[in-house]
Amino acid sequence: MASLLTNASAMTALQTLKNTNSNLATTQNRIATGERVSTASDNAAYWSIATSMKAQSSTISAAQDTLGVGKAVVDVAVTGLEEAIKLGTQIQAKLATLGTPGVDDAIINDDVAQLSQQIVDIAKSASFEGINLLSAAGTDVTITTGYTSAAGGGTAGLNTLDVAKYDLETAFGTAPADAVAAEVLVTAMREAAATFGSAASRIESQSSFNSKLIDAIDRGVGQLVDADMNAESARLSALQTQQQLGIQALSIANSSSQNILSLFR
């Protein structure tokens, strides 16, 4: 039945065109943002997971930056101790010659005093951004190594590494009196250097893990929210064609009223 008041064909064509335009807008948004889930309304579950994981990734990334500073602080301390150990070994060797016939003990003691002062100077200068693990004024440091998420029922919090200082400045504030005392100091320096070296190794290992963890999280988030650009490109072309056909169909449906009028001419 043909009617001037109700054009069923035009209604159908219009609804089809509206759906096509809506799908086209969705596809264009995905292409523009690169995401198929960019808001909670797109997919509430995936959006929630992605938002949580992005926050975790950002926190780990911030911890990674802090870890870099901590590594630098420990590396400076290790470098200072390695040089101090070389000088301490010289001190020990010089003190072992005290009392030997033909050796001037006064000169030996003066050399030892100078070398000891050099070690003190090393201790004072072995700082990074004002943080010093070898000076008398230095303090223990706590280095943030990572982050534990509360997801899965765990307890959220920062993972840390405590590094105790070694007061090298005070240790050589007074030059050792004999080879035995010098050996004790050199042994203590070696132990401190080994402790710092272990901390540096742990920091380096944690840094490598954090980097891989961030990449894994980002890949996981991408699987949830990223748009398949190849598929979206094909869908865009199809929808544009559907839009053109919808416009044409609506035009044809609207022209039916004009065809009815022609019957009365």
Check: Glu204 to Ala62: extension gain in nm, 0.36 nm per residue of separation minus the Cα-Cα distance?
Finding: 49.6 nm
Note to self: Please compute the length gained on full extension between Lys18 and Asp228, using 0.36 nm multiplied by the number of residues separating them and subtracting their Cα-Cα distance.
What the structure shows: 73.2 nm
Check: Relative to a virtual label point 7 Å from the Cα of Ala137 in the Cα→beta-carbon direction, which members of the stretch 75-113 show backbone nitrogen distances below 18 Å?
Finding: 77
Note to self: Could you check the spin-label model distance between Thr33 and Ala179? Points 7 Å from the Cα along Cα→Cβ, value in nm.
What the structure shows: 7.7
Notebook entry, point to check: At what distance in nm do the modelled label points of Gln117 and Asn43 sit from each other, each positioned 7 Å from its Cα along Cα→Cβ?
Noted result: 7.2
Next item on the list: For the chain, report the translational diffusion coefficient in µm²/s to the nearest whole number, using Stokes-Einstein at 10 °C, 1.306 mPa s, and a Kirkwood Rh over Cα pairs.
Entry: 63
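In deg cm²/dmol and to the nearest 500, what is the mean residue ellipticity at 222 nm of the chain if only DSSP H runs of at least 4 residues count, each as -39500 (n - 2.57), divided by the residue total?
My calculation for the chain gives -25000 deg cm²/dmol from helical runs alone.
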Note to self: Within 10 Å, Cβ to Cβ, of Gly88, how many net charges do the neighbouring residues add up to if Lys/Arg are +1 and Asp/Glu are -1?
What the structure shows: 0
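Order by neighbour count: Arg36, Arg202, fewest other Cβ atoms within 10 Å first, most last.
Values: Arg36 19, Arg202 16.
Taking fewest neighbouring Cβ atoms as first place, the list is Arg202, Arg36.
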Check: Got a sec? How would Ile85, Ile107 order by Cβ neighbour count within 10 Å, fewest to most?
Finding: Ile107, Ile85
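Under 15 Å from the Cβ of Asp215, count the other residues' Cβ atoms, weight Lys and Arg +1, Asp and Glu -1, and hand me the total.
+1
Using only the Cα atoms of the stretch 5-71, construct the convex hull and provide its projected area averaged over every direction, in square nanometres to one decimal. List each step's numbers first, then the result.
On the way: hull surface 26.2 nm².
Taking a quarter of the hull surface, the average projection is 6.6 nm².
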Item checked: the chain - charge dipole about Cα centre, Lys and Arg +1 at Cβ, Asp and Glu -1, debye rounded to 20 -> 2320
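By the scheme Lys and Arg +1, Asp and Glu -1, what is the net charge of all other residues having a beta-carbon under 10 Å from that of Arg36? Each step should come with its number before you reach the end.
Numbers: positive: Arg30; negative: Glu35, Asp42, Asp226, Asp228, Glu232.
Every neighbour counted, the sum reads -4.
With 10 angstrom as the radius, rank Ile252, Ile31 by how many other C-beta atoms surround their C-beta, starting from the fewest.
Final ranking by Cβ density, sparse to dense: Ile252, Ile31.
Would you work out the relative contact order for the chain, in percent, from Cα pairs under 8 angstrom that are 6 or more residues apart?
On the way: 309 pairs, mean separation 88.1, N = 265.
With pairs under 8 Å counted, the relative contact order is 33 percent.
All of the numbers you see were taken from the coordinates with simple rules; none came from a lab. Note that the coordinates shown come from a computational prediction; the quantities given were computed from them, not determined experimentally. Neighbour counts run over all protein chains shown; Cβ positions are idealised from the backbone, glycine included.
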